[in-house]
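Here's the structure, in structure tokens; my notes come after.
Taken together, the values in this text are just the output of simple stated rules run on the coordinates, not laboratory data. Only a predicted model underlies this, so the values are computations on that prediction, with no experimental measurement involved. Counting neighbours? That spans all protein chains shown, and the Cβs are built from the backbone with ideal geometry, glycine included.
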């Protein structure tokens, strides 16, 4: 599975980093997004959602809701993202509603747990 981790972090204590490590351990192709990092956990990092080569099987979001509208709009504009996961702390009624209005079906749950890992 090709997984875009939006809000990936270089800090191993943050969920945006734990997600990168969990997906790598499970053998997935991880595509981290963080405009302030060149590499996370040995994987090339992209500075924006638009830079990540597609198609994307899963986009998993680790950013606060104040960035959520912008994120779901960018994902919808791509047109090649199968799943959009809003992890705990990334969801809000406004973000969920906007994602649905754009034709996305947001999954509001922990994507790390979904692949059988403990965050």
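With the simple model of a label 7 Å out from the Cα in the direction of the Cβ, residue 24 to residue 113 spans 2.5 nm. For region 72-119 versus region 21-35, the inter-centroid distance based on Cα atoms is 16 Å. Considering only DSSP beta bridges where both residues belong to the chain, give the percentage that are antiparallel (nearest 5). Roughly 10 percent of the DSSP beta bridges within the chain come out antiparallel.
Report the gain in length on full extension from residue 76 to residue 48: 0.36 nm times residue separation, minus Cα-Cα distance, nm rounded to one decimal.
Details: separation 28, 0.36 × 28 = 10.08 nm, distance 1.40 nm.
Roughly 8.7 nm would be gained on extension.
Seen against the Cα atoms of the chain and their longest principal axis, helix 15-25 is set at about 60 degrees. Relative to the longest principal axis of the Cα atoms of the chain, the long axis of helix 68-78 makes an angle of roughly 90 degrees.
In the chain, the DSSP-assigned H stretches of four residues or longer account for a calculated mean residue ellipticity at 222 nm of -8000 deg cm²/dmol, using -39500 (n - 2.57) per stretch and the full residue count as denominator.
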